[in-house]
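First comes the structure, then the notes that go with it.
The values are calculated or read from the model by the stated rules, or taken from the named source; none is laboratory data. For clarity, every value in this text was computed on a predicted model and none was experimentally measured. Glycine gets a Cβ as well: all are built from the backbone with ideal geometry, and neighbour counts include every protein chain shown. Remember, those area values only see protein heavy atoms, side chains included, never the ligands or the DNA or RNA. Shrake-Rupley method; radii C 1.70, N 1.55, O 1.52, S 1.80 Å.
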Amino acid sequence: MAVNESLLPAVERVAELLRGAEHIACLTGAGVSAESGVPTFRGVGGLWEGRRPETLATPEAFAADPEEVWRFYLWRRRLLVACKPNPGHYALARLERRKPGLTLITQNVDGLHLEAGSRRVLAVHGDIWIDRCTRCGHEARATDKDLQTIPHCGSCGALTRPGVVWFGEMLPADVWTQAERAAASCDLMLVVGTSSLVYPAASLADVARAGGATIVEINPQATPLTSEADVGIPSPSGEALPAIVDRLGDS
Ligand code: OAD
């Protein structure tokens, strides 16, 4: 789908900002994968509608009932098997090739940015396809062969957990340091498909703004960031991002 005509001036403005920017950071959230069929978290039909994050996405929930938590993550893996990158993911991969100074920071655990060809991806909330041993820390990449059985460690046999960040846990330190550095030093930050409600990821836009960066938000719904952004494109990212990147041309 093409971007709504009334948004073309904003699309052109963002393309112009990208042309002039050297260091670009892009922060993505669940909305960027919505057009791939991956459910978002908040709002109608979101994963947290009718489910309580504290019973499914905290270390306490896992300690209390690992099977229940694993059932949720195995179900999400089964959903993801059918999902492919959408034009928004591909546009960001093209943007990276066009602008090598781009750092893509994602809260998504679905791996779709990498599948679309983005190379420098900082996955601050981890990767849903990783099984991490709760005893020895060994990590293995899950396949889609058996998405029903709770995985155990291939090295020591203990119970594993999904390699994602849960509420109340620290973000992976090295990845987070790189994300903060990219936010602090960028000239331009694109904030795409996130409710900007979950910290510390949402603070990256504040870090970028404090460093003097221009902030662009792409999201069909208003968020706490909307009034702070310099440019807003209230459109699905699978429409807005290709329209923007198409305007950059080859040189
Ligand atoms: P949310 O579900 O909170 O927000 C998704 C955002 O995407 C909303 O603001 C929607 O308006 C927007 N959106 C929906 N469709 C879109 C589309 N086609 N194009 C662009 N935007 C669209 O998801 P996140 O902000 O990613 O953390 O949530 C942040 C974190 O909260 C997640 O990483 C997860 C969750 O709980 C953990 O599990 C720790």
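Here the stretch 73-82 is the region considered, the condition is being more than 13 Å from the ligand (Cβ to nearest atom) and not basic (Lys, Arg), and the residue that is least open to solvent (accessible area, probe 1.4 Å) is Leu74. Scanning the stretch 83-102 for residues that are at pLDDT 95 or above and either open to solvent by 60 Å² or more (accessible area, probe 1.4 Å) or among the basic types (Lys, Arg) (or both) yields Lys84, Pro87, Tyr90, Arg94, Arg97, Arg98, Lys99.
Among the residues of the stretch 154-165, is any more than 19 Å from Ala57 (Cβ to Cβ) and within 16 Å of the ligand (Cβ to nearest atom)? No, the stretch 154-165 has no match at all. For the stretch 1-23, a residue qualifies if it is more than 19 Å from Gly238 (Cα to Cα) and open to solvent by less than 40 Å² (accessible area, probe 1.4 Å), and exactly one does: Ala21. In the stretch 103-118, of all residues being in a strand (DSSP E or B) and crowded, with 23+ Cβ neighbours inside 10 Å, the one that is nearest to the ligand (Cβ to nearest atom) corresponds to Thr106. Whenever a residue of the stretch 200-225 is closer than 21 Å to Glu12 by Cα, its partners that are among the polar types (S, T, N, Q) and away from the ligand (no atom under 11 Å from the Cβ), lying with C-beta atoms within less than 9 angstrom and at least six residues away or across chains, give the pairs Ala213/Ser185. In the stretch 196-220, the qualifying residues are those that are over 17 Å from the mean Cα position of the chain (by Cα) and open to solvent by 20 Å² or more (accessible area, probe 1.4 Å), and the one that is nearest to Gly43 (Cα to Cα) is Asp206.
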